[in-house]
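Structure first, commentary second.
No value in this document is a laboratory result; all are computed from the given coordinates. Predicted model, so just to flag it, every value in this text is computed and none were measured. Every residue, glycine as well, gets a Cβ built from its backbone with ideal geometry; the counts of neighbours run over all protein chains shown.
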């Protein structure tokens, strides 16, 4: 398994040319920083004492020219270096989002939306700075320090050794501090993820909070999360303050050590004042790369803390994937068979056990029974949102595990009770059923779902924005938009998961006619609590915690004393509060 650092390095490969140009400019910057002390030494030692004033001014002009070039190199490094970082961050975000699309329902069952969003956005924010400054800072720092060291060796080797020892102490301090800073930075990111999850939940539930007048409770809850972030950041800043203050002390010590050692050598007559000034200039050149190293340690801790969390998700492998030799499911008639199917969400909770069920092509099968009996789970096994534990599920005699997920799910349409609409236009939401569908087919799907007339009465018609989760539409309108989406998709197999249970009776009657039109000619599995909506089903299956208990037509099941008959009498007994 590759380490996070090797994975991180791999993201430079597509941008290596721009990265190489950035590093060349960085090396030229380091070269200018090393050249300046030597030019100064030559000017003080040769040109001024020998009164070569013309050459002196030429040297000054050369220094100006060199620093103009350094300015150009710095511009390139700042702009294009950061651009490389932005490209790498975008690549990581692309890979993460693509990976999230592959993860199964179970992943989203166990991870809050705010936590996931934090991984996609906040955690990668510092990666741009690390991707840009990391290699550049290390390269410039090492090149400048080593270059300065060898040039000081030519002046006074004892001075070079003394300064090298101090630099080694600084590097050891940076290495020892990195682990503590990384831990503190990761704590900050985890707290930010938690408050993002809380914030997403609170904003989504703002209407509920107002309905229960719990705004003060939400404020208190958010305040607690906010305080946790502040506390985590204080710990990080405390570690960072200790790191930088010690680093500054050691860097300032370099100047003191240079003056003390140089003064001693001058007293011994083994060093000139000009050589001391030159060494001091090299020490000044030392300080900038050392500060770069200090900044790199900070960037590394924040950037790699986020990148490590990125790697954590990227290493989660989807447990439902295509077989290497999976075929494409085509020309589906719609014969469905569950053979000895068992399923559990975890080892301790078995939901379905030894289920056998045959559904003929083009027929409508209704699933009824108490909540928690596994009706929705049974339907979710067909498109492989979850993987069965035992047994097999076939469509037209083909095991669904032997076909590609894409082709399997393209042949199945789902209309749920909790309709999800994207925060775009009505046209975009209907068109989601088939992204490349032309305008006339979108309109025809809306007509068949009995929503076209409602749309034409809206101010912007098909360009009407539905709002977050379709909040600007009524429940019936949202449901009919979702039905239009399935009409456009036109799958041979249909799952209706309590599609009308949240609607009033009048709206339900309108929706029911659209659903009957949608079901015509398709293999349909219906989950319903209102038994009036499934009386005409070809087969009704009564299911509870113990599995399938009854199956037959409405008339056959009414004659039997069982779950269906009891539910039916309960709903249709005069005076019963639960009536269709």
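State, to one decimal in nm, how far the label point of residue 535 lies from the label point of residue 436, with both points 7 Å from Cα in the Cβ direction.
Inter-label distance under the simple model: 4.5 nm.
Relative to the first principal axis of the alpha-carbon coordinates of the chain, what is the inclination of helix 475-489, with its axis defined by its Cα atoms, in degrees from 0 to 90 and to the nearest 10?
80 degrees
Give the Debye-formula value of log10 I(q)/I(0) at each listed q (0.12 Å⁻¹), with one equal scatterer per alpha carbon of the chain, two decimals each.
-1.24
Would you mind computing the Rg to Rh ratio of the range 4-314 from its alpha-carbon coordinates, Kirkwood style for Rh?
Here Rg/Rh amounts to 1.12.
Any idea how far the Cα center of the range 85-108 sits from the one of the range 24-48, in Å?
When both Cα centres are located, 47 Å separates them.
Percent relative contact order of the chain, based on C-alpha pairs within less than 8 angstrom and at least six residues apart?
Computed value for the chain: 14 percent relative contact order.
Note the angle between two axes, namely the Cα long axis of helix 157-204 and the longest principal axis of the Cα atoms of the chain, as a number of degrees from 0 to 90, rounded to the nearest 10.
20 degrees
Given the rule -39500 (n - 2.57) for each run of at least 4 DSSP H residues, summed and divided by the residues of the chain, what is its mean residue ellipticity at 222 nm, to the nearest 500 deg cm²/dmol?
It comes out at -21000 deg cm²/dmol, rounded to the nearest 500.
Measure off 7 Å from each Cα along the Cα-to-Cβ vector at residue 559 and residue 461, then give the distance between these two points in nanometres to one decimal.
For the pair residue 559/residue 461, the computed spacing is 5.5 nm.
Where a ≥ b ≥ c are the square roots of the eigenvalues of the C-alpha gyration tensor, would you call the range 132-180 rounded, which needs a/c under 1.5, or, failing that, prolate if a/b is larger than b/c, or oblate?
Oblate is the answer for the range 132-180, as a/c is 1.5 or above yet b/c matches or exceeds a/b.
For the pair residue 18 and residue 344, how long in nm is the line joining their label points, each one 7 Å along Cα→Cβ?
5.1 nm
For the chain, take the longest principal axis of its alpha carbons; what is the angle in degrees between that and the long axis of helix 273-314, to the nearest 10 within 0 to 90?
10 degrees
Given a Förster distance of 30 Å, report the FRET efficiency between residue 61 and residue 86 from their Cβ-Cβ distance, rounded to the nearest 0.05.
0.20
Could you order peptides 354-365, 272-283, 130-141 by the average number of other Cβ atoms within 10 Å of their residues, highest first?
Result, highest mean Cβ count within 10 Å first: 130-141, 272-283, 354-365.
Between rounded, prolate and oblate, where does the range 366-431 land on the alpha carbon gyration tensor, with a ≥ b ≥ c its root eigenvalues, rounded for a/c under 1.5, else prolate if a/b exceeds b/c?
oblate
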